[in-house]
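The values are calculated or read from the model by the stated rules, or taken from the named source; none is laboratory data. The structure presented is a predicted model; accordingly, all values stated were derived computationally and were not measured. Reconstructed Cβ throughout: ideal geometry from the backbone, glycine too, with neighbour counts over all protein chains shown.
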Amino acid sequence: MTGAEVLFSEDEIRSRVEDIAAQIKQDFEGKNLCVIGLLEDSFVFMADLIRKVDGEVLCYFMKADVAEDDDRVTRVKKILYSPEFDSRDRNILLVGGVLDTGITLDYVMKHLLQGGPALLKIYYLIDKPALRRISISPDYSAFCVEGGTAGHWVGYGLGFQDRFRNLPFLGALS
């Protein structure tokens, strides 16, 4: 028993991932695709997505080490890759879990764009535009949530205190 309120069922998630995967296939048709997952929240979502995309798919992961001070000022301390890669002339799809303030995404996008990719598109599982501190939007999102939830998002790869990532649904802990 997790105590998580189910917000999106396993079937709803599967359906949305299939719909977006079809759009990504169309947008990247005829191009080699380099998918970069933002750790930790994207790994389940990314795995399901890449299995639905035809053609050659290169997979990488990156982690942005983020800190927030007492005044709620967020800053990115460093970016880690596994392994480091050259983004020059690559067709990149950056996959993330929850997009809220946009601060980390803005930093990561600027970092990737410095490498000179041919194409960079952003896909988030959950987009929460009401929480933005920076004007930025993903190219794709499985679920756009206007307003807050009663607790922390968990399941389908999203965790709270490194737990609950294995839940097959998306939910909120109260």
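Assess whether SER87 counts as being among the polar types (S, T, N, Q), under 29 Å from LEU170 (Cβ atoms), over 13 Å from the mean Cα position of the chain (by Cα) and modelled with pLDDT under 95.
For SER87, the condition - among the polar types (S, T, N, Q), under 29 Å from LEU170 (Cβ atoms), over 13 Å from the mean Cα position of the chain (by Cα) and modelled with pLDDT under 95 - is not met.
I'd like to check something: does the stretch 131-149 contain any residue that is assigned to a strand (DSSP E or B), out of contact with any Ser or Thr (no Cβ under 6 Å at 6 or more places or on another chain), modelled with pLDDT of 90 or more and more than 24 Å from ILE24 (Cβ to Cβ)?
Checked against the condition, which is being assigned to a strand (DSSP E or B), out of contact with any Ser or Thr (no Cβ under 6 Å at 6 or more places or on another chain), modelled with pLDDT of 90 or more and more than 24 Å from ILE24 (Cβ to Cβ), the stretch 131-149 yields no hits at all.
Can you tell me which residue within the stretch 7-39, out of those that are under 17 Å from the mean Cα position of the chain (by Cα), in contact (Cβ under 8 Å) with a residue 40 or more places away in the chain and not in a helix (DSSP H, G or I), is surrounded by the most Cβ atoms within 10 Å (Cβ to Cβ)?
GLY37
Given LEU125, LEU58, LEU120, LEU94, which one is under 14 Å from GLY37 (Cα atoms), modelled with pLDDT under 95 and either surrounded by 15 or more Cβ atoms within 10 Å (Cβ to Cβ) or not charged (D, E, K, R) (or both)?
Among LEU125, LEU58, LEU120, LEU94, only LEU58 is under 14 Å from GLY37 (Cα atoms), modelled with pLDDT under 95 and either surrounded by 15 or more Cβ atoms within 10 Å (Cβ to Cβ) or not charged (D, E, K, R) (or both).
Can you give me the number of residues within the stretch 1-50 that are in contact with a strand residue (DSSP E or B) (Cβ under 9 Å, 6 or more places away or on another chain), among the hydroxyl-bearing types (Ser, Thr, Tyr) and modelled with pLDDT of 90 or more?
Total meeting the criteria: 2.
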